[in-house]
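Here the structure is laid out as structure tokens; the discussion comes afterwards.
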Amino acid sequence: MHKLCISEMPSRDELQNPSEAMKKYIPASDGGRDDTSGLFALAVIGAAGEAEEKGSGDTDKCYDIFCGQLPTYVSRFGLKLNIHSCCLYYSGDRPLTVDHGDTSSIYWSMAGFSDRPRTYDAIALPPDAPKPTNSRIDQYYRWTQNASSTAEQATSDSTRFSAFVKAMSDILSTSGETLGGTSFAYYNSNGPMISSVQENCEMLWNIAPRIPEDGHYYECVTALPK
């Protein structure tokens with residue numbers, strides 16, 4: 001499930017009371033899930049706010065602060081989640097997103113601020129989520145690269161995203177693998193993108209292509225059934 005929050009910069013005092021901060025910054029509807037999803041979105045907002053406050057607008061510095069602060073906020077809010085990946089990108093438009101199948105075990109949140117150009121993105125999993133083998137991870141990487149190559153033949157953001165979702169879904173459905181639901185996102189970035197993966201939380205995830213053309217990024221993550 002995706003949760004994109006574009007808001008004003010939160011104050012430190014506001015983030016000291018998560019229940020009140022959720023009312024202000026997190027949409028009332030949480031897709032039928034418990035507070036974990038909302039609190040994770042709030043943790044991403046908090047870490048992004050720290051990055052914007054202390055990063056002086058420097059891309060690398062903002063990213064490092066975000067990655068360093070996110071575990072602190074996750075722990076502060078009492079969340080039992082393992083952070084898988086963190087990402088920073090520049091985009092004038094909201095990312096295109098869609099979920100296929102059961103993605104309830106995927107916690108994916110994006111946060112940006114109305115007066116800042118950077119958007120922060122993070123994905124987390126419950127601690128009991130199954131881990132894929134290295135061969136599956138490598139295979140997933142190749143699949144997403146192939147699907148993104150197919151998508152780049154389209155001529156608009158919406159058709160590129162639709163083509164990527166279809167290509168990747170076709171690959172997954174004919175792979176013979178036992179897989180869960182998949183979350184997809186597409187960004188048309190007007191600046192650099194930085195992402196990293198935490199080694200202690202492996203999942204089927206990738207951002208493609210490896211060398212983007214015209215700032216087009218395709219991101220997807222697939223859950224493994226328990």
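Note: relative contact order over the chain, using C-alpha pairs below 8 Å and six or more positions apart, is 23 percent.
Taking the 1.4 Å solvent-accessible surface of the chain as the whole, the part contributed by carbon and sulfur is 47%.
Taken as Cα centroids, region 65-93 and region 177-210 sit 14 Å apart, rounded to the nearest whole angstrom.
Sequence-ordered 3J(HN,Hα) estimates for region 44-59 from the Karplus curve with 6.51, -1.76 and 1.60 and θ = phi - 60° stand at 5, 4, x, 5, 5, x, 4, 5, 6, 6, 10, x, 6, x, 7, 4 Hz, glycine and proline given as x.
Taking packing as the residue-averaged number of other Cβ atoms within 10 angstrom, the listed peptides 41-48, 153-160 run from highest to lowest as 41-48, 153-160.
A dipole drawn for the chain from +1 and -1 charges on Cβ atoms has a positive end, and of His216, Tyr141, Ala151 the residue lying farthest that way is Tyr141. Mind checking which lysines have their C-alpha under 29 Å from Lys54, skipping anything on the same chain fewer than 8 residues away? The reachable lysines, counting only those whose Cα sits under 29 Å from Lys54, are Lys3, Lys23, Lys24, Lys80. Database remark: amide H of Gly181 closer than 5 angstrom to the amide H of Asp102, Ala223 (H placed geometrically; neighbours at sequence offset of 5 or more, or on other chains; Pro and chain starts carry no H). Each peptide in 49-59, 201-211 gets a packing score, the mean of other Cβ atoms within 10 Å over its residues, and the list from highest to lowest is 201-211, 49-59. Compute the accessible area per residue over region 186-226, keeping the other protein chains in place, probe 1.4 Å, unit Å². On a per-residue basis, region 186-226 sits at 47 Å².
Summing Cβ point charges (Lys, Arg +1; Asp, Glu -1) relative to the Cα centre of region 93-137 gives a dipole of roughly 180 debye. With the simple model of a label 7 Å out from the Cα in the direction of the Cβ, Thr178 to Ile137 spans 2.2 nm.
Per-peptide packing, taken as the mean over residues of other Cβ atoms within 10 Å, places 94-104, 172-182, 121-131 in the sequence 121-131, 94-104, 172-182 from highest down. The listed residues Ser105, Ser135, Ser183 rank as Ser135, Ser105, Ser183 when sorted by accessible area, largest first, using a 1.4 Å probe. Summing Cβ point charges (Lys, Arg +1; Asp, Glu -1) relative to the Cα centre of the chain gives a dipole of roughly 300 debye. Roughly how many debye, to the nearest 20, is the charge dipole of region 41-123 about its Cα centre, given +1 on each Lys and Arg Cβ, -1 on each Asp and Glu Cβ, and no other charges? The dipole magnitude comes to about 200 debye.
The values are calculated or read from the model by the stated rules, or taken from the named source; none is laboratory data. What you see is a predicted model; the values in this text were computed from it and never measured. No Cβ is skipped: glycine too gets one built from the backbone with ideal geometry, and neighbour counts run over all protein chains shown. Note: areas computed on protein heavy atoms with side chains; ligands, DNA, RNA excluded. Shrake-Rupley method; radii C 1.70, N 1.55, O 1.52, S 1.80 Å.
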